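The values are calculated or read from the model by the stated rules, or taken from the named source; none is laboratory data. Keep in mind it's a predicted model, so treat the numbers as computed, not measured. Note: ideal-geometry Cβ built from the backbone for every residue, glycine included; neighbour counts use all protein chains shown.
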Amino acid sequence: MAKKYVYFFGGGKADGNESMKNLLGGKGANLAEMAGHPALRLPVPPGFTVTTEVCTYYYDHKRTYPKELAGQVKTALAQIEKLMGKKFGDPKNPLLVSVRSGARRSMPGMMETVLNVGLNETTIKGLIQQTGGNERFAYDAYRRLIMMYSDVVMEKAAGIEPKGKGIRKLMDEYLEGVKKAKGVESDTDLDADDLKKIVVEYKKMVKATLGKAFPEDPMEQLWGGVGAVFASWNGKRAIEYRRIEKIPHEWGTAVNVQTMVFGNMGDDSATGVAFSRNPGNGENRFYGEYLVNAQGEDVVAGTRTPAPINEWSKNDHSRKLKTLEEWHPELYRQLDGYRTRLEKHYKDMQDIEFTIEKGKLFMLQCRVGKRNGAAAVAMATDMLREKLIDAPTALMRVAPNQLFELLLPMIDPKAELATSPIAKGLPAGPGGARGRAVFTSADAVKWAEKGEKVILVREETSPEDVDGMHKSQAILTSKGGMTSHAALVARGWGKCCIVGCSDIEIADDHKSFKTKKGNVVKEGEWITLNGTKGLVYEGSLTLKDVDLEHNKPFQELMKLADKFRKLNIRTNADTPKDTAIAIKFGAEGIGLFRTEHMFYGEGSDKPLFLLRKMIMSKSVEERRKALDELFPFVKKDMKATMEVMAGRPVTIRLLDPPLHEFVPHSEDKLKELAVSLKVDMAELAKRADSLRENNPMLGHRGVRLGVTYPEITEMQIRAILEAAAELVKAGKKANPEIMIPVTCAVTELDDQKAIYDTVMKEVCAKCGLRKLPCLYGTMIEIPRAALMAASMAGTAEFFSFGTNDLTQMGFGFSRDDIGSFLPDYLEKKILVDDPFQTIDQDGIGELIRFGIDRGRAARKGLKVGICGEHGGDPESVVFCHKVGMNYVSCSPFRVPIARLAAAQAGVADLLAAKTAKKKPAAKKAAAKKPAKKK
Ligand code: PEP
Ligand code: MG
């Protein structure tokens, strides 16, 4: 049998269903489900989907189609014609269709669409007849087709897009000119005669600009549209979007050809977009916008202010507009009914597109709706309570990185109260953000790459702006509604965003904006946005952390996560303040206390001076003296941190500083040091010079320092153990773990262990304790250490993978300089991810697996964790779970993210176990069933 490339839907039936997203794309699969599933059978205009396999074929075969395709399209078209009682290309009763893209995962606005396909000089007469003589409507549809088709099919897909103005821009300018000459503002003020003239003029423009006439043949239009959608899969902006969203290029898109229904057939027609729950805060209330006498693109383009569908959907701009519920209660009830059915069926929040044509409601699309982090958490916990979903599903509903949005800074309420906003718009993406105003996407990229924080200010955004939007702290648009491009994209990313801010007017030169109140903000000047309320402020206001302790849905989700995770979550923290934040976020211990960090920042002047003195010492006596002075500072810091941790494990890594970094540069600091060491400046310079290394990352650091200067190790261990002993004696809990960095051989560990054992004895004797709880372990951050894990585990009681250095030394990529070549590696797909952000599971991951296996074979129950940056990356956390680590350790703000990622790894295990259980049963059942007779 010939391969099936075309799937029909409509009239209560469908060839496909929701599970076929890979083949039919998300949109096609959902249209099939809505049209054909017995629990739904919603009024979907009939149509068909050309599969993603055709897209793959198209690119593999020099942009041609499989030979069966034309016949299958013809058959499906005939099915539509039968259902609709219209014919494609018929002069009396023509069928018009839309041609749209639809990838497996939604890529909003990134690919092309052509509407009103099938209209030409002949069929337009039939359309006028069908609409009872509505010439204005028919010519409006026609001019839209010509514009879209010439832009999308004849110019973009043909690859002849000029650098300057394309055909769409020329047509736009012409249209503006016509309106101006007529003295009107809106397209709706143009009458049939105006539109007829526009059609004639557009056709002339097509011929003159593109060198070819607009095709009259409906079939040619249809195939042109299909080809343009496939071509747009490899358009610049679609590729860019896929790179950001990590969507594989191989997937391809499907094409949906569907009967046109018109929301712009008059005042009894409308079109709208709705969400089954509020995507901004998760509230279980139907939420949406609609426009009377308009096409779908008008809602998204933001040129007219959409009206709310109900009371809950009102905002400051739409407060006075008539709701759909008021305008047409019966249709609203019908739509609300569909909303309930869809949510019950899909068990998730749905994003719905609908059209009302002459008082009849049609469902054009439904898909799982994008939501911001706060809404995702609220919906997951609400739906669990409503028993719509179970606990594992609730956990899987929130992408761990989305939690960032809940941890997002807000504008400090005090600072906000002290000033007043200069403008107000719609709150499309929550949180606070501040940055310098820039007015083009290219500038946003340029400035951000120089390290500037920017806010992108635009009239509205288009898919071309995606890169700049991504690199901005926030987005502010003067036009557009809550479903505009900027709002959708920002919501997807969890970015602070204000749209439809009509209080601002952007200058023609794109270098400043002016507010209604008269404030002028120029390029490069600071602004601050409150994306939760939609307020714009001049200047840079202080941002403040959010109060998560009182965020009920967040707490509920975290509690749930803790039930499903196996991994413990620790934090990388070096100050009691960071430690306290991490505990609030749920950290169960410290996985990495970098001792050298106590010499940076607030209050570190004295210990830093002493550390420098120690480093610049020449004799053991000199060094011991400096170390003795340093000792009380180190002990105090250790004690304070262990006290905050109240018995939770605290892994303290012994000093690991590249020595030359600690040599002072300023003259007065050098002088001070020379006086203290009782040497002259020339001698000090000589000593500083001797510390300089050609390759400090591979130089005299970590354990190597302790091997050459055992007194440094001794002082640190003594400080840690005495601090712990004092806490224990005071009836408090202490649980230190001493970690030796940059090791590559067990002999290094043994060398340092001898010091540890001696000091342990001495401290216990001094404090009158029989023993102190403490573990002795090592970082595994040099590939050789992983390879030598069996012997290392002979001495080490725990391993902590330092994946920053392990990646650096495993790849031979400098962790500080990868930025100069990483973009090329990602672009050319030499690497899929930045290996310093997401663990390279194939290579570095193999070292980790090997290290754990060998280590545990040598020491049963060896405790294993990770303390490199990867410990807070969700994908890497799942990996750590899979290889059987005991814990991951990450920065305080990543702790909730790691908790959720670890829970999702646990849920994935449960689901896999369930499927594995089911399989043998299914096999048995199959074996019992008698074979069907043929
Ligand atoms: C590591 O190398 O992964 C690590 C945690 O240590 P640092 O980043 O301090 O080198
Ligand atoms: Mg390291």
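Screening the candidates A730, A745, A724 for the property of being of a type outside the set (S, T, N, Q), buried (at least 19 other Cβ atoms within 10 Å of the Cβ) and more than 16 Å from ligand 2 (Cβ to nearest atom) yields one hit, A724.
Scanning the stretch 520-550 for residues that are within 17 Å of I475 (Cβ to Cβ) and free of Cβ contacts under 8 Å to residues at least 40 places away in the same chain yields nothing.
Looking across the stretch 343-372, just one residue is buried (at least 23 other Cβ atoms within 10 Å of the Cβ), over 20 Å from P306 (Cα atoms) and among the aliphatic types (A, V, I, L, M), and that is M349. Report whether or not V199 is more than 17 Å from S98 (Cβ to Cβ), touching a helix residue (DSSP H, G or I) at 6+ places or on another chain (Cβ under 9 Å) and part of a helix (DSSP H, G or I). Criteria met by V199.
Entry remark, the stretch 28-39: residues being under 33 Å from the mean Cα position of the chain (by Cα) and closer than 22 Å to L331 by Cβ number 4 in total.
If you go through the stretch 641-668 and keep only what is assigned to a helix (DSSP H, G or I), surrounded by 15 or more Cβ atoms within 10 Å (Cβ to Cβ) and more than 16 Å from ligand 2 (Cβ to nearest atom), you end up with T641, M642, E643, V644, M645, H660, F662. Within the stretch 156-179, at least one residue is within 23 Å of T49 (Cα to Cα), assigned to a helix (DSSP H, G or I) and at pLDDT below 95. Which of the numbered conditions does C880 fail, given that it passes all the others? Conditions: (1) under 23 Å from T571 (Cβ atoms); (2) surrounded by fewer than 16 Cβ atoms within 10 Å (Cβ to Cβ). (2) is the only condition that C880 fails.
Looking only at the stretch 806-827, decide whether some residue is acidic (D, E), buried (at least 22 other Cβ atoms within 10 Å of the Cβ) and either within 15 Å of ligand 2 (Cβ to nearest atom) or touching a residue at least 24 places away in the same chain (Cβ under 8 Å) (or both). No, the conditions are met nowhere in the stretch 806-827.
Step by step: first the residues of the stretch 774-809, then only those that are aliphatic (A, V, I, L, M) and more than 23 Å from E869 (Cβ to Cβ), then the one that is farthest from ligand 1 (Cβ to nearest atom). Which residue is that? Break it down into steps so the answer makes sense when it comes.
So in the stretch 774-809, the residues aliphatic (A, V, I, L, M) come out as 775, 779-780, 782, 785-790, 792-793, 796, 806, 809.
This time we only want the ones that are more than 23 Å from E869 (Cβ to Cβ), so: 775, 788, 790, 793.
Working: L775: 17, M788: 17, A790: 22, A793: 19 Å.
Only one residue tops the list, namely A790.
Taking the numbered list (1) out of contact with any strand residue (DSSP E or B) (no Cβ under 6 Å at 6 or more places or on another chain); (2) of a type in the set (V, I, T); (3) surrounded by 22 or more Cβ atoms within 10 Å (Cβ to Cβ) in turn, V117 passes all entries but (1). Here L83, L42 are screened, and the one residue that is farther than 17 Å from V255 by Cα, in a loop (DSSP other than H, G, I, E, B) and either at pLDDT 95 or above or more than 38 Å from the chain's Cα centre (by Cα) (or both) is L42. For the stretch 697-748, a residue qualifies if it is closer than 22 Å to K635 by Cβ, in a loop (DSSP other than H, G, I, E, B) and away from ligand 1 (no atom under 16 Å from the Cβ), and the qualifying residues are Y709, A730, G731, K732, K733, A734, N735.
Each row is one residue, and each column tells you yes or no for (1) at pLDDT 95 or above; (2) among the small types (G, A, S).
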{"residue": "F836", "(1), (2)": "no, no"}
{"residue": "R894", "(1), (2)": "no, no"}
{"residue": "A898", "(1), (2)": "yes, yes"}
{"residue": "D909", "(1), (2)": "yes, no"}
{"residue": "A921", "(1), (2)": "no, yes"}
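Residues in the stretch 749-784 that are more than 30 Å from A730 (Cβ to Cβ) and either assigned to a loop (DSSP other than H, G, I, E, B) or over 44 Å from the mean Cα position of the chain (by Cα) (or both): 4 in all. Checked against (1) in contact (Cβ under 8 Å) with a residue 12 or more places away in the chain; (2) farther than 30 Å from A734 by Cα, V707 meets all criteria but (2). Going by the structure shown, is M171 hydrophobic (A, V, I, L, M, F, W, C), touching a residue at least 60 places away in the same chain (Cβ under 8 Å) and on the phi < 0 side of the Ramachandran plot? Here the answer is no, as M171 does not meet what is asked. Considering the conditions (1) surrounded by fewer than 20 Cβ atoms within 10 Å (Cβ to Cβ); (2) of a type in the set (V, I, T); (3) outside any loop (DSSP other than H, G, I, E, B), V299 is excluded by exactly one of them, (1). Using the structure shown, decide if S690 is exposed (fewer than 15 other Cβ atoms within 10 Å of the Cβ) and over 39 Å from the mean Cα position of the chain (by Cα). So S690 passes the test. Filter the stretch 810-844 down to residues that are among the hydrophobic types (A, V, I, L, M, F, W, C), away from ligand 1 (no atom under 16 Å from the Cβ) and under 24 Å from P874 (Cα atoms), then give me how many there are. Final tally of qualifying residues: 5.
Picking from residues in the stretch 834-847 that are crowded, with 16+ Cβ neighbours inside 10 Å and part of a loop (DSSP other than H, G, I, E, B), the one that is farthest from ligand 2 (Cβ to nearest atom) is Q841. Filtered by the rule that a residue be in a loop (DSSP other than H, G, I, E, B), among the aliphatic types (A, V, I, L, M) and in contact with a Phe, Trp or Tyr (Cβ under 7 Å, 6 or more places away or on another chain), the stretch 302-327 gives a lone residue, I309. For the stretch 856-873, the set of residues classified as touching a helix residue (DSSP H, G or I) at 6+ places or on another chain (Cβ under 9 Å) and part of a loop (DSSP other than H, G, I, E, B) consists of R859, L862, C867, G868, D873, listed by residue number.
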